[in-house]
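Presented below is the structure to which this report refers.
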Amino acid sequence: MKRTQIICLHEGRPNSVDRSFVNSFLKAYSAKWMRPWTLVPCGDKTRLLERFPKELKICGSRGGNTTLIVMADVDDCKDSDALKAKYRKAAQAEGISQDLFDQVVFAFPKYRIENWIQYLKTEITDENVEGPRVKNPEAVTAAKKLADICKSGSDNSSFPPSLKWSCISWSNMTRRIRD
């Protein structure tokens, strides 16, 4: 089994709900293959996209010991695939190979992480509208629930599309590390 350090680029500030959610998810998931992680607040989505190729190159230079996670809202794109295409274009512009790009874990909530939190709390959300604002303790509780679901391999077919899509990205990474 390989071990990996996780670097997570995310929207928002150091005390944002996104950061609380990611940090709590990683703590609760706590797999043996996870080394310590670093959360990097990038401010807005434009700065995150600009920073992405540089961070991916750094992760790639470290070999298989580092995994990059990108957490960004899908609110100006059709869906997660369209947002991922923007990141691929930025990577290609910097000469990053498809193989290295394919190692990135993308977590793209539709209209803010609050939609995921709302779903994990109530099993209902509408990804076509912004979810209600929440405080960090709610994000922590929801992230722990998601980690439990991911660890158990429970069925996620009822998840909203962006959460289901992001869980597949996470599952692909964990499968790659275990092999």
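The values are calculated or read from the model by the stated rules, or taken from the named source; none is laboratory data. If you're wondering where the values come from, they're calculated on a predicted model, not measured in any experiment. With ideal geometry, Cβ positions are generated from the backbone for all residues, glycine too; neighbour counts draw on all protein chains shown.
Is it true that Thr141 is out of contact with any Leu (no Cβ under 7 Å at 6 or more places or on another chain), β-branched (Val, Ile, Thr) and over 22 Å from Gly12 (Cα atoms)?
When the stated conditions are applied, Thr141 does not pass them.
So Thr67 fits all but one of (1) over 24 Å from Glu127 (Cβ atoms); (2) out of contact with any Ser or Thr (no Cβ under 8 Å at 6 or more places or on another chain); (3) surrounded by 16 or more Cβ atoms within 10 Å (Cβ to Cβ); (4) not basic (Lys, Arg); what number is the exception?
(2)
Being among the acidic types (Asp, Glu), at pLDDT below 95 and either in a loop (DSSP other than H, G, I, E, B) or under 21 Å from Ile7 (Cβ atoms) (or both), is that true of even one residue in region 52-72? Walk me through how you get there before you give the answer.
From region 52-72, those among the acidic types (Asp, Glu) are 55; that's our starting set.
Retained after the next criterion (residues that are at pLDDT below 95): none.
Among the residues of region 52-72, not one is among the acidic types (Asp, Glu), at pLDDT below 95 and either in a loop (DSSP other than H, G, I, E, B) or under 21 Å from Ile7 (Cβ atoms) (or both), which makes the answer no.
Find the residue count for region 1-24, including only residues that are within 10 Å of the chain's Cα centre (by Cα) and closer than 22 Å to Asn65 by Cα.
Residues in region 1-24 being within 10 Å of the chain's Cα centre (by Cα) and closer than 22 Å to Asn65 by Cα: 4 in total.
Quick check on my filter: what residues within region 31-51 are free of Cβ contacts under 8 Å to residues at least 40 places away in the same chain, assigned to a loop (DSSP other than H, G, I, E, B) and surrounded by fewer than 16 Cβ atoms within 10 Å (Cβ to Cβ)?
If the condition is that a residue be free of Cβ contacts under 8 Å to residues at least 40 places away in the same chain, assigned to a loop (DSSP other than H, G, I, E, B) and surrounded by fewer than 16 Cβ atoms within 10 Å (Cβ to Cβ), then Lys32, Asp44 are the ones that fit.
Looking at (1) surrounded by 15 or more Cβ atoms within 10 Å (Cβ to Cβ); (2) in contact (Cβ under 8 Å) with a residue 24 or more places away in the chain; (3) not hydroxyl-bearing (Ser, Thr, Tyr), find the lone condition where Arg19 falls short.
(2)
Would you mind telling me which numbered condition in (1) in a helix (DSSP H, G or I); (2) within 16 Å of Ala90 (Cα to Cα) Phe21 fails?
With (1) in a helix (DSSP H, G or I); (2) within 16 Å of Ala90 (Cα to Cα) applied to Phe21, the lone miss is (2).
Tell me, which residue of region 108-137 that is touching an Asp or Glu at 6+ places or on another chain (Cβ under 8 Å), among the charged types (D, E, K, R) and under 17 Å from Ser166 (Cα atoms) is modelled with the lowest pLDDT?
First, pick out the residues of region 108-137 that are touching an Asp or Glu at 6+ places or on another chain (Cβ under 8 Å): 108-115, 117, 121, 130-134.
So of that shortlist, the ones also among the charged types (D, E, K, R) come out as 110, 112, 114, 121, 130, 133.
After this cut, where a residue has to be under 17 Å from Ser166 (Cα atoms) as well, the list is 110, 112, 114.
Numbers: Lys110: 92, Arg112: 88, Glu114: 95.
Once the filter is applied, the top-ranked residue is Arg112.
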